[in-house]
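Below is one structure; the comments refer to it alone.
Quick note: the coordinates plus some simple rules give every number you see, no bench work behind them. Given the structure is predicted, the values throughout are model-derived calculations rather than measurements. Glycine also receives a Cβ, built like all others from the backbone with ideal geometry; neighbour counts cover every protein chain displayed.
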Amino acid sequence: MPRIPATAIFLASLLLVGFAAATGSAADDQIPANESPAPPLRVKVNGGLLSVDARDAPLADVLRAVGEQTGIQVTIHSDGATRVTESFAGVGVDEGIQRLAGGYDVVLIYAPTRNGAGRGRLVEVRVYEASTPTAPVTAVVDPRQRAARLQAVRDLTRQARQQQPGALAALAEMLAGDADPVVRQSAAAALGLVGSAEAVSALTAALGDRDPSVRARVVSALGRRRDEGLAGTVAQVLAGDPEASVRRAAVWALSTLRSEDAHRGLQAAASDSDASVRQAAAVALNRWEQRAGAN
């Protein structure tokens, strides 16, 4: 067997060491097979305190995760597509939600306490596109304030129906500006019971309310008036409102009328993008045909 020179053996050893070093370096740059990148969103609640680690996660996903962890009902009345990058630990849930939804209007709704003193647990959050982009608003709904404001609506409704001065204007003001959507809904229902042009004007203006539950109540209030002159206004809501619940209310409102404008609006709703709106329109049109046949 020929003898291999020592110099050749030394050079071969150097090549092997260099190859191992190179391949080891490349392997170090890769994520091991048994590991995965950190998730873009972590939410944890401990002792009533919120911790969030979000990296370029959609706002809707972040707030939905917070709601699931806390049991709070979170409703986002916007596309929620804004990307959130936030990291904090051990903050109050309401403070954390406000930090996450910075740049949006936020309504925080609390439950009443057993003894009626102080603010209870946060139970609902509603997030809207900022009414003033440079100065988003956070409104707090205290259960005691809600109860008092709803009682005020009842008192003003009675006064307005008795035509007491200022009562109707006060209801219109509550519909236009109260921070609590439940109070605005109640004011809308109350104005629907008051037979005056001022009430119709206040309701029509509220068709642009940012909360769909309020808009639906406004449309229903207009429908209860059975005013054929409002058919065109309600048909516009039916054609253009982005929320199916509001469009369903508009279908009902048009179903109470008899004009051709109302009929055309219902026919258009029969091809609505939402199945529940189409079904409501089909029922209304069927009743319309039954009435026409009876006559």
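Structure notes:
- Sorted by Cβ density within 10 Å, fewest first, the residues Ile76, Ile97: Ile76, Ile97
- Computed about the Cα centre, the dipole magnitude for segment 164-295 is approximately 400 debye when only Lys and Arg (+1) and Asp and Glu (-1) carry charge, each at its Cβ.
- Extension gain from Asp227 to Glu173, taking 0.36 nm per residue of separation minus the Cα-Cα distance: 17.1 nm
- Annotation: the residues Ser196, Ser213, Ser273, sorted from fewest to most other C-beta atoms within 10 Å of their own C-beta, follow the order Ser273, Ser196, Ser213.
- The ranking of Arg248, Arg287, Arg119 by Cβ neighbour count inside 10 Å, starting from the fewest, reads Arg287, Arg119, Arg248.
- Neighbourhood net charge (14 Å Cβ-Cβ; Lys/Arg +1, Asp/Glu -1) for Leu238: 0
- Modelled FRET efficiency - R0 35 Å, Val283 with Ala89, Cβ distances, 0.05 increments: 0.10
- Other residues lying with their Cβ under 13 Å from the Cβ of Leu285 contribute a combined charge of +2, Lys and Arg counting +1, Asp and Glu -1.
- Hz values of 3J(HN,Hα) by residue in segment 167-173 - Karplus curve (6.51, -1.76, 1.60), Gly and Pro given as x: 5, 5, 5, 5, 5, 4, 5
- Here the relative contact order of segment 41-141, from alpha carbon pairs under 8 Å that lie six or more residues apart, stands at 27 percent.
- Taking Lys and Arg as +1 and Asp and Glu as -1, the other residues whose beta-carbon sits under 12 Å from that of Ala147 total +2.
- Farthest towards the positive end of the charge dipole of segment 146-294, among the residues Leu156, Ser245, Thr233, is the Cα of Leu156, using unit charges on the Cβ of Lys, Arg, Asp and Glu.
- Separation between Cα centres of segment 197-226 and segment 91-105, rounded to whole Å: 30 Å
- Modelled spin-label separation between Gln73 and Arg42, with each label point placed 7 Å from Cα along the Cα-to-Cβ direction: 3.2 nm.
- Extension gain for Ser271-Glu243 works out to 8.6 nm (0.36 nm per residue, less the C-alpha to C-alpha distance).
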